[in-house]
Ligand code: ADP
Ligand code: MG
């Protein structure tokens, strides 16, 4: 007969074992103007907790580097030196700008971080009374928009905007980039699963044999409803929507994603979701698709491996790449663990 204390020990061991296997740390904090949520699982609670803390620190670090809301960020220094001199930047900022330029090239200029020369013409802050700018004002600013004019000198490690009034803004990839950096801090021995979300951007990590993450996509037409659910393991998902930030002028909505070719808010797409292996890339393309629209957008989207998109047009119709259509499960369950907005 097995002594009673041994049975007790066995039970405690089992409970402890199960508990240890699935130690989960979940934390949320408002950073980069949005809610950043980080969840990670692993055997050693202390290790997981330390890694989650490090992941949050990465988000703060990326924000300090590239936020144009901060006077002291490297990006703000580039902007202040427009028309004056090249600015030395860190390899990460250089890389983020080079990646943005690559998406500009592939998207035919729909994605353009120099769109920011239009900044202030359209005011989405709600601080000033909103108005539609005059055509002449837009035309004058558009002269300073153009990704081809951004001068990156890789060997010197500098970025130069050749004309005063030119401006860069990495708002369309900053959160995605931060999510990537945070995930890198979690992808270490001892962490079995991790999910980082920042507003509409997320990236998952799942060790082989572990459960995938199940996420919900919010319907851009009806925000109280889910469009569907999706299972992901080691991928990133980003969403953009004109309804997230917009101004209403005389009953008409103007969204915060601008078409760099016209200087006016992009129209025709309610929301776009992109899956890619890295969050910065998904983030950049989600923004580009809002400008490009469904047909052009799906045509220009880099071909697989891995990049998929779902676009909901202004009439509420879906346009999805073939690889994604089959992955979306239409019946949303009442309790999806993670929601992100489309
Ligand atoms: P959000 O930041 O609201 O989640 P996005 O990732 O789509 O959504 O980024 C939108 C931001 O991208 C805008 O607030 C602006 O800073 C920037 N942006 C707007 N239009 C463009 C564009 N055509 N190309 C690149 N960036 C843009
Ligand atoms: Mg984006």
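Read-outs throughout are calculated quantities, based only on the coordinates presented, and are distinct from any laboratory measurement. Everything numeric here is computed off the predicted structure, so don't read it as measured data. Methodologically, a virtual Cβ is constructed for each residue, glycine included, from the backbone with ideal geometry; neighbour enumeration extends over all protein chains shown.
At-a-glance table
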quantity: Neighbour-count order for 256, 319, fewest beta carbons within 10 angstrom listed first; calculated: 319, 256
quantity: Rounded tilt (10° steps) of 4-21 against the dominant C-alpha axis of the chain; calculated: 10 degrees
quantity: Listed peptides 282-291, 203-212 by packing density, highest first (mean Cβ within 10 Å); calculated: 282-291, 203-212
quantity: DSSP beta bridges in the chain [antiparallel fraction, %, rounded to 5]; calculated: 95 percent
quantity: Among 128, 46, 315: highest mean-square fluctuation, GNM of the chain, C-alpha pairs under 10 Å; calculated: 128
quantity: Proxy reagent accessibility, fewest Cβ within 10 Å first, across 124, 246; calculated: 124, 246
quantity: Helix-only mean residue ellipticity at 222 nm for the chain, each DSSP H run of n ≥ 4 adding -39500 (n - 2.57), per residue, nearest 500; calculated: -10000 deg cm²/dmol
quantity: Euclidean distance between Cα centres, the range 125-199 to the range 77-96, Å; calculated: 12 Å
quantity: Principal-axis tilt of helix 279-292 within the chain, Cα atoms, nearest 10 degrees; calculated: 40 degrees
quantity: The chain: angle of helix 91-106 to the longest principal axis, Cα-based, in degrees nearest 10; calculated: 70 degrees
quantity: Against the rule of thumb 2.2 N^0.38 Å, how large the Cα Rg of the chain comes out; calculated: 1.10
quantity: Rg and Dmax [Cα atoms of the range 211-312; Å; Rg one decimal, Dmax integer]; calculated: 14.1, 49
quantity: Rounded, prolate or oblate (a/c below 1.5 giving rounded, otherwise prolate when a/b exceeds b/c) for the range 182-222 by Cα gyration tensor; calculated: oblate
